[in-house]
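J.: Take this structure first; my questions come after.
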Amino acid sequence: MSETLSEIEVAPFIDHSLLNPCATQQYVAQWCEEADRFGFASVCVYPCYVRFAAELLHGKKPKVCTVIGFPTGATTSATKLYEAREAIDNGATELDVVMNLAWLKMGNTNDLHREIAEICEETNAVVKVILETNLLNPEEMKLATDISIDAGVRFLKTCTGWNGGVKIEDVRLLKEFSKSQVGIKASGGIRTYKDAVNLIEAGATRLGTSYGVRLLTQPDREEFETENSETQKTY
């Protein structure tokens, strides 16, 4: 490593994610307070909590992020666009949009590009397209990268967390394919400080994890005991 673990400030990379469907408003408030206290980049919550999170974080540094078409990406383009517009109206500034993988695999590139471009253009938000890299081969990842960048996204995101975790080699591939034109968000299975540092060194510029507080406060532990299992999911 070019730097020791203690020399890399991880907190500003983290999207503090709360994407367990059983998470209550109480946990959203906790996640927002933690994001502000630790200096995380954003809090990522489901659309139904965007307005609440935006009120809690008003005037504070962390952004409000939400997910669109989550977790499959198989909703209609009109539905995704409506979701995105509503999220912006409710106070979100960052959108993690799940790509329609079936369209990608069928070669339906025109509709795929149009769907992503419309969301980028009509919301003027920071759009992170979720590629679900565990379900793609390198050729498909390259095609998805090219389409997404041309459509105007700001980040390529690896995974939802619902189909396996992030792999360092996939982050490296996305960095190579994107030629540093956009950011790379690594997400899924990031549980330790070492995980975070390794992904940053591989090219990640954001990290999506629900373990942000743990990996910062217990950096030397390789595995964490599961507490509050109803909310501490890996996303």
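The values are calculated or read from the model by the stated rules, or taken from the named source; none is laboratory data. This is a predicted model, so every value here is computed, not measured. Cβ coordinates were reconstructed from backbone atoms using ideal geometry, including for glycine residues, and neighbour counts include every protein chain displayed. Just so you know, the surface numbers come from the protein's heavy atoms only, side chains and all, with ligands and any DNA or RNA stripped out. Shrake-Rupley method; radii C 1.70, N 1.55, O 1.52, S 1.80 Å.
J.: Based only on Cα atoms, what mean projected area does the convex hull of segment 38-149 have, in nm²? Kindly include the intermediate steps, with their values, before the conclusion.
T.: Working: hull surface 28.8 nm².
Result: a mean projected hull area of 7.2 nm².
J.: Which whole number in µm²/s is D for the chain by Stokes-Einstein, with the Kirkwood Rh taken over Cα pairs at 25 °C and 0.890 mPa s? Walk me through the numbers before you get to the answer.
T.: Details: Rh = 17.5 Å.
Result for D is 140 µm²/s.
J.: Counting only the heavy atoms of the protein chains, how much of Asp89 is accessible to a 1.4 Å probe, in Å² to the nearest 10?
T.: 120
J.: I've got another one for you. Relative to the Cα centre, what is the charge dipole magnitude of the chain, using +1 at the beta carbon of each Lys and Arg, -1 at the beta carbon of each Asp and Glu, and rounding to the nearest 20 debye?
T.: Numbers: 24 positive and 34 negative charges, 30 e Å.
Value, rounded to 20: 140 debye.
J.: Another one. Order Trp103, Trp31, Trp162, most accessible first, counting only protein heavy atoms with a 1.4 angstrom probe. Intermediate results must be reported in sequence, preceding the final value.
T.: Details: Trp103 50, Trp31 5, Trp162 120 Å².
Largest to smallest exposure gives the sequence Trp162, Trp103, Trp31.
J.: Checking the table Lys61/Lys128; Lys80/Lys194; Lys63/Lys105; Lys105/Lys167; Lys60/Lys175 against a 28 Å threshold on Cα-Cα, which pairs fail? Before the final figure, lay out the partial values.
T.: Details: Lys61/Lys128 19 Å; Lys80/Lys194 35 Å; Lys63/Lys105 33 Å; Lys105/Lys167 21 Å; Lys60/Lys175 30 Å.
Over 28 Å Cα-Cα: Lys80/Lys194; Lys63/Lys105; Lys60/Lys175.
J.: List the relative contact order of segment 59-160 as a percent without decimals, with contacts defined as Cα pairs under 8 Å and 6+ residues apart.
T.: Values: 158 pairs, mean separation 28.8, N = 102.
Relative contact order, segment 59-160: 28 percent.
J.: With the Cα gyration tensor of segment 144-217 in hand, give its eigenvalues times 5 under a square root as the equivalent ellipsoid semi-axes, listed largest first in whole angstrom. Each step should come with its number before you reach the end.
T.: On the way: eigenvalues 97, 29, 21 Å².
Taking √(5λ) for each eigenvalue gives 22, 12, 10 Å, largest first.
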